């Protein structure tokens, strides 16, 4: 599954007595829709945002059935995937005039609207005006799986396309409509209707990945107290909001993040034979997180449709319902790779958007840019890798938490499995790049709450193992190999291990060599307590007591909390030499640190 495509039509205004004019335009529209379907391979469903009829009369929906038969055939979309909502022209205004007048007068705040929507009988009186539309909806689209809200106004339908589940939410914005300018600022959706519909959309064993809301009217025509709550809830929870009524095609990104919800207003699909009638096709690609709207307009003089301007393409802000951790993804990526990838944590952080620094290939010196910049570079050899990692991140936003992570990665292993070896090959040719990537991977491990492994950890582990086994000759051999390593931490530890091995092997020459190494270690900024201790012991054993005493007190000054280690060595010197002055100095150290 790479993309989802749907058709948006609205404001058909079908009526008896105008069938010839309607047929001229709408049959051409169906023919043109068939061409577009063939060009994009498939249309997945159709949204019809109201005003199917002209005056809400039963005979007008007979004409609608004929039109939808043709549209279903030409578009390849079955009837159960054609979703519609009523518009003001789907209201039979000759019905329930007194009930309508009373309701419009009485419903002056959100509390009164909530009360009415909770009263199915009272609300049902008003919905009689939609009777012909609802009979058409129930009979013609009888195979459609719709879940109605308790108030009977809104419905939800779940559509699965590949791995993607979409919730279609149909809101009724026409239940208090009259038509014309009298509706402007007087319509009601009711925040309660939206709340009930969204709860229905999220119910079920699998939550939707994408929510599409539609109504006939745009938000600004609602009453002031209803306008903002309804708009806020829809734009916060939905990815798309489709409407009609204005007879003007337009799009707008809105919502809390500025690119959360795409509003798609439809042009009128039929007004007259001489009008600029229109329809739109929406394309959604969750892998690349982009959405596009193409609007096609009827040319009355030529009797044909053509694309109006360019396709409008915008980013889709996918808000994840669950969040994958860097550690969880890194470990899963390693399970699905053929090797224990060295940069799994760095790649994981890139995928999840917690790191953005990405290498630019082609330079001798390591250069980095944001992963989005590298993706857009025309000539970067790592462009495909950057694209894959961004796309994998988009997929995780959509599917993580709704199915096991391993299932997601097994389907999309090509997006990550070969990238760590590619980076390692780059690093083999450019050592400084490897050093920087090592740092980034360690940073990513810290993000994951892990203590990152040191570089050359296997060498450190080997040193520890040889010490534990008392393999001093082998330790000396291994440590000597790394004394001049470029990595300063490794070089210092190798010197320390070599000194320990020489001292443990014994013999005057070995001890003198060990003393020389420990002297270097105690003069280094990375010195440790054991360097001073071992040097003091060796100096004492080789009768260099004056230097041993100096080392001893330097060690006490540097490591005061471990003074007893040096006191024991000092007492050995006192026992050997009988130096009372040293004894007094040691007693003072003990007294000062009590």
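The values are calculated or read from the model by the stated rules, or taken from the named source; none is laboratory data. Being a predicted model, the structure only gives us computed values, none of them experimental. Glycine also receives a Cβ, built like all others from the backbone with ideal geometry; neighbour counts cover every protein chain displayed.
Do you know which residues across region 312-341 are exposed (fewer than 14 other Cβ atoms within 10 Å of the Cβ), farther than 18 Å from residue 397 by Cβ and touching a residue at least 24 places away in the same chain (Cβ under 8 Å)? If the condition is that a residue be exposed (fewer than 14 other Cβ atoms within 10 Å of the Cβ), farther than 18 Å from residue 397 by Cβ and touching a residue at least 24 places away in the same chain (Cβ under 8 Å), then 335, 338, 339 are the ones that fit. Looking only at residues of region 425-441 that are more than 12 Å from residue 359 (Cβ to Cβ) and touching a helix residue (DSSP H, G or I) at 6+ places or on another chain (Cβ under 8 Å), we find that the one that is modelled with the highest pLDDT is 441. For residue 383, the conditions (1) free of Cβ contacts under 8 Å to residues at least 40 places away in the same chain; (2) within 19 Å of the chain's Cα centre (by Cα); (3) surrounded by 14 or more Cβ atoms within 10 Å (Cβ to Cβ) all hold with the exception of (2). Filtering region 344-376 to residues that are part of a loop (DSSP other than H, G, I, E, B) and at pLDDT 85 or above leaves 352, 353, 354, 355, 356. Does region 226-246 contain at least one residue that is part of a strand (DSSP E or B), under 17 Å from residue 166 (Cβ atoms) and without any contact (Cβ under 8 Å) to a residue 40 or more places away in the chain? Yes. Tell me, please, whether a residue that is assigned to a strand (DSSP E or B) and farther than 21 Å from residue 282 by Cβ can be found in region 167-186. No, that holds for no residue. Screening 395, 437, 423 for residues that are closer than 30 Å to residue 166 by Cβ, in contact (Cβ under 8 Å) with a residue 24 or more places away in the chain, surrounded by 19 or more Cβ atoms within 10 Å (Cβ to Cβ) and outside the structural domain of residue 494 (by the TED database) leaves exactly one candidate, 395.
Of 344, 278, all but one fail to be buried (at least 21 other Cβ atoms within 10 Å of the Cβ) and free of Cβ contacts under 8 Å to residues at least 40 places away in the same chain; the exception is 278.
To keep it simple, each residue is scored yes or no on (1) surrounded by 18 or more Cβ atoms within 10 Å (Cβ to Cβ); (2) at pLDDT below 95; (3) more than 39 Å from the chain's Cα centre (by Cα); (4) under 30 Å from residue 22 (Cα atoms).
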{"residue": "87", "(1), (2), (3), (4)": "yes, no, no, yes"}
{"residue": "94", "(1), (2), (3), (4)": "no, yes, yes, yes"}
{"residue": "119", "(1), (2), (3), (4)": "no, yes, yes, no"}
{"residue": "122", "(1), (2), (3), (4)": "no, yes, yes, no"}
{"residue": "129", "(1), (2), (3), (4)": "yes, no, yes, yes"}
{"residue": "143", "(1), (2), (3), (4)": "no, yes, no, yes"}
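Conditions tested, residue by residue: (1) out of contact with any helix residue (DSSP H, G or I) (no Cβ under 8 Å at 6 or more places or on another chain); (2) surrounded by 19 or more Cβ atoms within 10 Å (Cβ to Cβ).
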site: 28; (1), (2): yes, no
site: 39; (1), (2): yes, no
site: 50; (1), (2): no, yes
site: 67; (1), (2): no, yes
site: 79; (1), (2): no, no
site: 84; (1), (2): no, yes
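I need the full set of residues from region 196-218 which are out of contact with any helix residue (DSSP H, G or I) (no Cβ under 7 Å at 6 or more places or on another chain) and not in a loop (DSSP other than H, G, I, E, B), in order please. Scanning region 196-218 gives 196, 197, 199, 200, 201, 202, 210, 212, 214. Against the definition (assigned to a loop (DSSP other than H, G, I, E, B) and without any contact (Cβ under 8 Å) to a residue 24 or more places away in the chain), how does residue 121 come out, yes or no? Against the criterion (assigned to a loop (DSSP other than H, G, I, E, B) and without any contact (Cβ under 8 Å) to a residue 24 or more places away in the chain), residue 121 does not qualify. Do we have residue 159 as outside any loop (DSSP other than H, G, I, E, B), closer than 30 Å to residue 285 by Cβ and touching a residue at least 60 places away in the same chain (Cβ under 8 Å) here? Criteria met by residue 159.
Every residue, every condition in (1) free of Cβ contacts under 8 Å to residues at least 24 places away in the same chain; (2) under 17 Å from residue 483 (Cβ atoms); (3) assigned to a helix (DSSP H, G or I); (4) outside the structural domain of residue 478 (by the TED database), yes or no:
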{"position": "498", "(1), (2), (3), (4)": "yes, yes, yes, no"}
{"position": "515", "(1), (2), (3), (4)": "no, yes, yes, no"}
{"position": "520", "(1), (2), (3), (4)": "no, yes, yes, no"}
{"position": "551", "(1), (2), (3), (4)": "no, no, yes, no"}
{"position": "555", "(1), (2), (3), (4)": "no, no, yes, no"}
{"position": "562", "(1), (2), (3), (4)": "no, no, yes, no"}
{"position": "567", "(1), (2), (3), (4)": "yes, no, yes, no"}
{"position": "570", "(1), (2), (3), (4)": "yes, no, yes, no"}
{"position": "575", "(1), (2), (3), (4)": "yes, no, yes, no"}
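Screening residue 145 with (1) assigned to a helix (DSSP H, G or I); (2) in contact (Cβ under 8 Å) with a residue 60 or more places away in the chain gives one miss only, at (1).
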